[in-house]
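**Q** Below you'll find the structure I mean.
Rule-based calculations on the coordinates, nothing more; no lab input. Because the structure is predicted, anything quoted here is derived from the model rather than measured. Don't worry about glycine lacking a Cβ; one is built from the backbone with ideal geometry, like all the others, and counts go over all protein chains shown.
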Amino acid sequence: MTTRRRVLAMLGALVALPVASFAQAPARVRRIAWFGIGPPDAPSPYLDALRAELRELGWDEGRNLTIARYGSTRAPDDFEQIAREIVAAKPEVVVTQEFTTYAMHRIQATLPVVFGFSGDPVDGKLVQSYAHPGTNYTGMSYLAIELVGKR
């Protein structure tokens with residue numbers, strides 16, 4: 001009797017397997033471009049922190065996320081060319097740091113850009129205000145005294 005139940009259970013599982021495999025759509029892989037200063041393969045504590053936070057939120061590289069790294073040792077001479085390469089790759093969002101943000105801005109990239117740099121993004125004409133950026137750019141300034149409380 002036990003053998004018969006096992007056989008029936010296996011047959012039932014085999015019949016349900018094709019249905020179960022169609023029920024789950026493959027996870028969509030999100031694409032982020034990291035545009036940093038220095039060689040793309042150089043260690044970055046900022047990128048490591050981003051990866052750690054994304055992992056905590058359920059985004060794992062190789063499963064449902066890819067992060068393409070861009071950078072240059074000839075900063076800022078070839079930043080605009082790299083910015084064009086990033087736009088051509090069509091990531092869903094670009095994360096920039098420091099002067100790479102201005103390269104994306106100069107080529108008028110319409111992709112969402114999340115920046116982090118020293119300076120005032122309002123004075124730098126990247127956003128209209130901290131509360132309402134009004135553009136496809138958002139992020140934070142590392143050294144703006146007004147933002148100490150917000151951080």
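**Q** Please state the shape class of region 36-85: rounded when a/c is under 1.5, otherwise prolate if a/b exceeds b/c and oblate if not, all from the C-alpha gyration tensor.
**A** prolate
**Q** Could I ask something else about it? Grab the Cα-Cα distance for ALA89 and GLN128, subtract it from 0.36 nm times how many residues apart they are, and report the gain in nm with one decimal.
**A** Full extension of this stretch gives 11.3 nm more.
**Q** Now for a different question. Rounded to the nearest 0.05, what FRET efficiency do ARG31 and THR73 give with R0 = 35 Å and r taken as the Cβ-Cβ distance? Could you check?
**A** Using R0 = 35 Å, I get an efficiency of 0.90.
**Q** For the pair ASP48 and GLN81, how long in nm is the line joining their label points, each one 7 Å along Cα→Cβ?
**A** That separation, rounded to one decimal, is 3.1 nm.
**Q** Under a point spin-label approximation (7 Å from Cα along Cα-to-Cβ), what is the LEU143-THR66 distance to one decimal in nm?
**A** According to this spin-label approximation, the distance is 3.7 nm.
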